[in-house]
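Presented below is the structure to which this report refers.
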Amino acid sequence: MGSAQPTIPGYMHGWYDSGYICLPYTMQLTLNNGRDWVDDAPIGAPTSYLKDMRDMDDVMHAVEEQFRFWIDNFVNTYNKIDEAEMEFKHLPLLSMLYNNCIETGTDIVMGGG
């Protein structure tokens, strides 16, 4: 099974190394105060336990809080990976195949596409 990245051929480098957000697992953490059901490890945002939520508004607030936690975590991680790739993972041969890299003399990982 493959994957698909949202890219514009010839203009964007579509390989991402940062990971994915697992929606069912995020919901599990939401309903269990940010703790894993298997080993009770605190992994996500401490939202609340389902048994302590009074109504659907509490559940939706916890869902938003948990997703915000993971999206912020994902963006922070992705930015750090981008910085590391710009310093250590230059792709000059691949850059020759992308529009504007040769014209600007900029590697694809440095925004040359």
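For M53, all conditions in the list (1) of a type in the set (A, V, I, L, M); (2) in contact with an Asp or Glu (Cβ under 6 Å, 6 or more places away or on another chain); (3) at pLDDT 85 or above hold save one; what is the number of the exception?
Exception for M53: condition (2).
I'd like to check something: does the stretch 103-112 contain any residue that is within 20 Å of L31 (Cβ to Cβ), in contact with a helix residue (DSSP H, G or I) (Cβ under 6 Å, 6 or more places away or on another chain) and aliphatic (A, V, I, L, M)? Walk me through how you get there before you give the answer.
Residues of the stretch 103-112 within 20 Å of L31 (Cβ to Cβ): none.
No: zero hits.
In the stretch 34-46, what residues are without any contact (Cβ under 8 Å) to a residue 24 or more places away in the chain and either hydrophobic (A, V, I, L, M, F, W, C) or surrounded by 11 or more Cβ atoms within 10 Å (Cβ to Cβ) (or both)? Full working, then the answer.
Just the residues of the stretch 34-46 that are without any contact (Cβ under 8 Å) to a residue 24 or more places away in the chain, to begin with: 35-43, 46.
Across the stretch 34-46, the qualifying residues are R35, D36, W37, V38, A41, P42, I43, P46.
Of all residues in the stretch 7-42 being within 20 Å of the chain's Cα centre (by Cα) and at positive phi, which is modelled with the highest pLDDT?
G34
Looking at (1) within 23 Å of Y20 (Cβ to Cβ); (2) assigned to a helix (DSSP H, G or I); (3) not acidic (D, E), which is the one condition that is false for I102?
So the condition that I102 fails would be (1).
Only residues that are surrounded by 15 or more Cβ atoms within 10 Å (Cβ to Cβ) and either in contact with a strand residue (DSSP E or B) (Cβ under 8 Å, 6 or more places away or on another chain) or not in a helix (DSSP H, G or I) (or both): list them for the stretch 47-81, please.
Passing the criteria: T47, S48, M53.
The values are calculated or read from the model by the stated rules, or taken from the named source; none is laboratory data. Fair warning: this is a prediction, and the values are worked out from it, not measured in the lab. With ideal geometry, Cβ positions are generated from the backbone for all residues, glycine too; neighbour counts draw on all protein chains shown.
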